[in-house]
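Each remark here refers to the structure printed beneath this line.
The values are calculated or read from the model by the stated rules, or taken from the named source; none is laboratory data. Being a predicted model, the structure only gives us computed values, none of them experimental. Glycine gets a Cβ as well: all are built from the backbone with ideal geometry, and neighbour counts include every protein chain shown. Only protein heavy atoms, including side chains, enter the accessible area calculation; ligands, DNA and RNA are left aside. Shrake-Rupley method; radii C 1.70, N 1.55, O 1.52, S 1.80 Å.
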Amino acid sequence: MSTTPPPPTADNSPASDPALRRREQRGWYTYDWANQVFITSVVTVLIGPYLSGLACSEAGAAGDCSQPGLVLYPLGVEWFSLHPNSLHPMVTTVAGLILLVMLPVVGALADHTQHKKRWLFWLAAAGSLCVSSLYFTSDYQVAVLLFVAGNTFYGMSLVVFNAFLPEIATADERNRVSVTGWAMAYLGGGLLLAAHMGLLASADTLGVSEGHAVRIAFASVGLWWFVFSVIGIRLLRNRYGKLAAEPGPPKLGASLKQYWRTLREMRRFPNTLKFLIAFVLFNNGIQAVIYFAGSFASQDLNLSLAILSATILLIQFVAFAGALLMGWVGRRFGTKNTVLASLVAWCALVTCGYYLPPNDPVLFLLLGAGIGMVLGGTQSLARALYSLLIPRGHEAEYFSLFQLADRGSVLLGAASITLVVNLTGGFRTAIFSLVVFFVIGGVLLWRTDLKKGIESVGNTVPDNL
């Protein structure tokens, strides 16, 4: 295969040749495979207990956060203090705030460039470098900075990555392509997490501490993310619409003006806006479960890192099958109906989590299997629906809004979790409170006229809506 990428083309519609579309779709799947390990191993499993452990040690508890009266001063001043368990959700909140600022910039610039592949590569490279650099520190403040930076580059890369979806798949292919991407992501994340489980289980035999083994896992995540990103990005093509056809490099001022103009013009597409608000609400619950499952398991359920890793591993492989199954259900019974049904399942799952007894790994595993069945399908089908609600030529801009909604969900979820944890000292009640977001988001999605919304932006309504 030639290493010279094809020149950018002003035609940003999917290739008419199915073989060319499948080639690009394979590249797109590969980037999903590449970046998911950050969410699976770092965000969901390792970073929460790791930061909590470092914070508890800093507070003088030697990793035991159950002691009363623990106080952490993350800024080194007495007027700002936290319970050590609150450090992780607070850091996640800060990361969400940063993305609220950065994502509109990236989305606006990406729609004004003829080289989205280059953007995707450098964002992935920067994110993977930050994650790998966690290997070199056990200082909680440095670890916080590296995690926030890695999370920021991860979020920005997804804006550019998702903008490729309308360019590589026809309207009737969006469901299948988005679901397959999520399935491959969970499979890749599960395989590397399995390796991390083996590493943690054999840490004593290898003569390394658990903390050192976790840092090795961080380094491997960054390496995996980078290598597979390079492989996947090579298979994509640079396309651009009329915004990028203007001569000269992308201009930040003009790009941001176009972005704010897009926000104002979204009033012409009320169903797109309504869908985004619904997504923010129900995705808040999903993201909170993803980000704080590790802290909930270790702090409230007294489960070991090995049990947590095994559960998340189970979720990855169940989510692989669940995403494909929900894609089939969506094609059979309608994508919108399938997402609504999944939100009912989410309500039941977080309710079960509230009543889950401590020190019971079997029930936690069963809960994880239930989450896996709906996790990938809910997100992938939502992504497919949104791609149909975007005017052509504005993909990166609109997907920056989608990613902003996604990261905004993280911010909203992290802020609400932080508040409840500070009030209660634990994650159980905070997890249960997420049912409110699933219910309100589901009602708003139910009231969204997707067919009218797709037609209003000039796209083709698929048969499986």
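Things to note:
- Output for the stretch 445-459, where each listed residue is surrounded by fewer than 16 Cβ atoms within 10 Å (Cβ to Cβ) and either charged (D, E, K, R) or touching a Leu at 6+ places or on another chain (Cβ under 8 Å) (or both): Trp446, Arg447, Asp449, Lys451, Lys452, Glu455
- Test: residue in the stretch 175-185 that is among the charged types (D, E, K, R) and open to solvent by less than 10 Å² (accessible area, probe 1.4 Å): no
- Looking across Leu236, Leu199, Leu243, one residue alone is modelled with pLDDT of 85 or more, closer than 30 Å to Gly458 by Cβ and of a type in the set (A, V, I, L, M). It is Leu236.
- The residues on offer are Gly372, Gly377, Gly442, Gly408, and the sole one that is surrounded by 20 or more Cβ atoms within 10 Å (Cβ to Cβ), modelled with pLDDT of 85 or more and not hydrophobic (A, V, I, L, M, F, W, C) is Gly442.
- Scope the stretch 195-237; condition more than 25 Å from Val144 (Cα to Cα) and either in a helix (DSSP H, G or I) or among the charged types (D, E, K, R) (or both); matching residues: Gly198, Ala201, Asp204, Thr205, Leu206, Phe228, Val230, Ile231, Gly232, Ile233, Arg234, Arg237
- Note on the stretch 141-166: among residues that are in contact with a Ser or Thr (Cβ under 7 Å, 6 or more places away or on another chain) and at pLDDT 85 or above, the one that is most open to solvent (accessible area, probe 1.4 Å) is Leu146.
- Output for the stretch 212-230, where each listed residue is open to solvent by 40 Å² or more (accessible area, probe 1.4 Å) and over 21 Å from the mean Cα position of the chain (by Cα): His212, Arg215, Ile216
- Residues located in the stretch 381-393, provided they are assigned to a loop (DSSP other than H, G, I, E, B) and at pLDDT 70 or above: Leu388, Leu389, Ile390, Pro391, Arg392
- Neighbours by Cβ (under 9 Å, 6+ apart or cross-chain): first from the stretch 302-314, at negative phi and buried (at least 19 other Cβ atoms within 10 Å of the Cβ); second in a helix (DSSP H, G or I) and among the acidic types (Asp, Glu): Leu305/Glu210
- Each residue in the stretch 277-318 was checked for being aromatic (Phe, Trp, Tyr), more than 22 Å from Met90 (Cβ to Cβ) and at pLDDT below 80, and 1 pass.
- The stretch 32-54 residues that are outside any helix (DSSP H, G or I), paired with ones that are small (Gly, Ala, Ser) (beta carbon under 7 Å, 6 or more apart): none
- Pairs, first surrounded by 14 or more Cβ atoms within 10 Å (Cβ to Cβ) and assigned to a loop (DSSP other than H, G, I, E, B) in the stretch 74-98, second at pLDDT 75 or above and hydroxyl-bearing (Ser, Thr, Tyr), C-beta under 9 Å, six or more apart: Pro74/Tyr140
- Candidates Val339, Val344, Val318, filtered to the one that is open to solvent by 40 Å² or more (accessible area, probe 1.4 Å), in a helix (DSSP H, G or I) and of a type in the set (Val, Ile, Thr): Val344
- Any hit, the stretch 24-37, residues being over 28 Å from the mean Cα position of the chain (by Cα) and modelled with pLDDT of 60 or more: no
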